[in-house]
Structure formats: C-alpha cells, structure tokens
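For reference, the structure discussed in these notes is given below.
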Amino acid sequence: MWSKLGDIVCSKYTSFGLGMFAGVFGFYMIHKISEHQELLRVQEEINELINRLNQKTLQSPEQQS
C-alpha cells in the first residue's frame, strides 16, 4: 500500500516538476529572445547616431570654408 502511495506521489511530483521546468524554461527563452531583439534595436539606434555624427563631421569643414 505504501509503495503504491509513494508511486502516486512521485509521479505527481515528477509531472509537476517537469511542468514547472518547462514553464520556467519557456519563460527564460522568451525573455532571452526579447532581450536579443532589444539589443538589436539598441544597436540600430547606435548605428544611426554614429551615422549622424559622421555626417555632421563631414559637413563641418565644408561649412567653415
């Protein structure tokens, strides 16, 4: 009787543990993907700023002369 009860408890906890792991892992992956997209967006903004700075430095000598 105890072993049967133990099996039921173990299987319940195992499925619960697997469910928790899958949930946490899924959440972690979604977080990582969104983090990656955020990084790409920031990189694009930085590139845009660098381009603007380059354009300004290229224009400055022309305006001075």
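Every number here is computed from the coordinates shown, using simple stated rules; none is lab data. Remember, predicted model here, so these are calculated numbers, not experimental data. Counting neighbours? That spans all protein chains shown, and the Cβs are built from the backbone with ideal geometry, glycine included.
Per-structure values
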{"item": "³J(HN,Hα) computed for each position of the range 30-41 - Karplus, 6.51 cos²θ - 1.76 cosθ + 1.60, integer Hz, glycine/proline x", "result": "4, 4, 5, 5, 5, 4, 5, 5, 4, 4, 4, 5"}
{"item": "Proportion of all alpha-carbon pairs of the chain beyond 14 Å (%)", "result": "76"}
{"item": "At R0 = 35 Å, FRET efficiency that the Cβ-Cβ distance of A22 and E48 yields, to 0.05", "result": "0.35"}
{"item": "L40-K56 pseudo-label distance in nm [points 7 Å out on the Cα-to-Cβ vector]", "result": "2.9"}
